[in-house]
Every structure is written in C-alpha cells, then in structure tokens.
Amino acid sequence: MFGVRGRTAHLAWYRTDEAAAEVAFLHGFSDSAQCWEPLIRAMPGIRALAIDARGHGESGLPEEPIRYAAHRDDAALVLSSQPRDGGMVVVGHSMGAMSAAYLAASRPDQVRAVVLEDPPTGAPSAGQQDEQWSVPRWLADLRALDLPSRIARGRSEDPAWPDDELEPWAMSKAQLNPHLFDLPFQEAAPLTDLLAAITCPVLLIHGDTERGSLISTEYAVRCARAAAGEFRAVHIAGTGHSVRRDNRPRYIAELSRFLDRYR
C-alpha cells in the first residue's frame, strides 16, 4: 500500500506514492504507521503520509523523557521535510490524536484541519513533573506470544474488527521498543486547553465509554465549548477506543466528509 518509505532523523515515515501528501496519519500507543494501511486502502484517492512515532514501528528512540511536545516536534519535523502549501489535514488516534492536537495548537502553518480519534483527555498537572511508568500487563502478555497467537488473541477479543486490521495491529506490538518504559514520561495537557489554542477546523470522533472510549459525550460538549475554531464532535455508538476498527464504514463516511471539505 505504501509505495514510498523514508526517514527523517530518527523517524520512519511512509507515503502512498511520489505525489505530495495531503493527509498525515499519527497512530496510537503501541500501534505503528502500518496500522493505518487498512483504512487508507479502503479510501482510494487519498494521498497519505503515515509516521512511526518514536519507539514505535521502525522509528528510533531518543534518550530523553517521553513528552507530547516531543511527539509534536517529531511530526513537525517530518511534515517540514515534505511541506504542502497551506498545510495538511492531520488525523490521529489516541496518543497520535493528542500529538496532532499539540501540533495544530502550535504549528497552524502545518495543519489546515485536524481529526482526533478518541484522544486522552489529558491531566491538569501536566508539565509539572516527569513520572516513571511500566509495561502494561495487557501489552506484556501480547508481546510474549508469537504473531499467529497475537492475531488469534485480537480476533477473539475484537471479533467485529475487519480481518485486515489484525495483522498490522499484532505486528506493531512486537515492534515497540521496550526501552520506552525505561524513560520518564509526562502526561498530556488537558485536551480542552489545547482546543482553546487550535484555530483550524477540528473533528472529534469518539465511541462509548462503556466500551473503552476515552471521550464521553459530556466531555465532548466541554470540548465544543473550549474550542477556539470550528469544531464538530461525532459519537459513533457501539464503538470503543479504536473507533475506525469497530465501525469502519461510519468512520470512513465521517472522515471522507471532513476531507472533502478541508483537504
């Protein structure tokens, strides 16, 4: 699917073809850029760029604390290496959505519009101190399995996911650099604070909190009130944290409508 592969500093990135990308994709924690391939393949005509976050996929891991400001600067570095007049639409999931929000808030020259798929809400104390973290149990359990077993686990736990989602999801877990957890990390700033600094159009897509979505309908209303620019929240019922995997047709419909207007 990705016809062009490259590196900028420590970062691996992938593009659909030689043409300048119009949409940049930032993945979630423990995923990789390859996890966007099934969605991009289902949306022919999109000229896409996807980036492996530091410590994920084929990207390197600088010896410094893990901060969203660093993820923002990583994305800005790659986008600067292949600029597009007026910036790109940036689509992010989870960790990648928060990184996209940081980028849109500070680099309006690079982001013409932003799509946030179930980002974390952030923490009021962000920026005050770095903390230590450890490998989540669910991730440690997955990494202990071979690839076929990880795929089988994914199919068992998320039977509604399209089959083409499972292999890149399973492969990304083994690619994650375990040294990531030796580095201190810093929580994100509150999403509402970031939205107050974002002037470009924002599409927030979320699912049901009882199914694992990080964004509730009530919090989405708070986001709408905080947003400085054009803002729309879409709740896709019956989905959890990975909205696009739980209901790809509806996700594509919402994303396509947004891209048709802003890319």
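Before moving on, here are some points about what is shown:
- Some residue of segment 149-156 being surrounded by 15 or more Cβ atoms within 10 Å (Cβ to Cβ), assigned to a helix (DSSP H, G or I) and hydroxyl-bearing (Ser, Thr, Tyr): no
- Members of segment 20-72 that are over 18 Å from His10 (Cα atoms), of a type in the set (Lys, Arg) and touching a Lys or Arg at 6+ places or on another chain (Cβ under 9 Å): Arg47
- Counting only residues that are farther than 22 Å from Ala174 by Cα, more than 14 Å from the chain's Cα centre (by Cα) and not small (Gly, Ala, Ser), segment 10-39 holds 5 of them.
- Failed item, numbered, when Thr209 is tested on (1) surrounded by 14 or more Cβ atoms within 10 Å (Cβ to Cβ); (2) under 20 Å from Glu157 (Cα atoms); (3) under 18 Å from the mean Cα position of the chain (by Cα): (3)
- Looking at Gly60, Gly55, Gly87, just one residue is more than 17 Å from the chain's Cα centre (by Cα) and on the phi > 0 side of the Ramachandran plot, and that residue is Gly87.
- Filter pass, Thr192 being outside any loop (DSSP other than H, G, I, E, B) and of a type in the set (Val, Ile, Thr): yes
- Considered as a group, the residues in segment 223-262 that are among the acidic types (Asp, Glu) and outside any loop (DSSP other than H, G, I, E, B) include one that is surrounded by the fewest Cβ atoms within 10 Å (Cβ to Cβ), and that residue is Asp260.
Every read-out reported here was derived from the displayed coordinates using simple, explicitly stated rules and does not represent laboratory data. Note that the structure is a prediction, hence the values are computed from the model and not measured. FYI the Cβ positions are ideal-geometry reconstructions off the backbone, even for glycines, and counts take in every protein chain you see.
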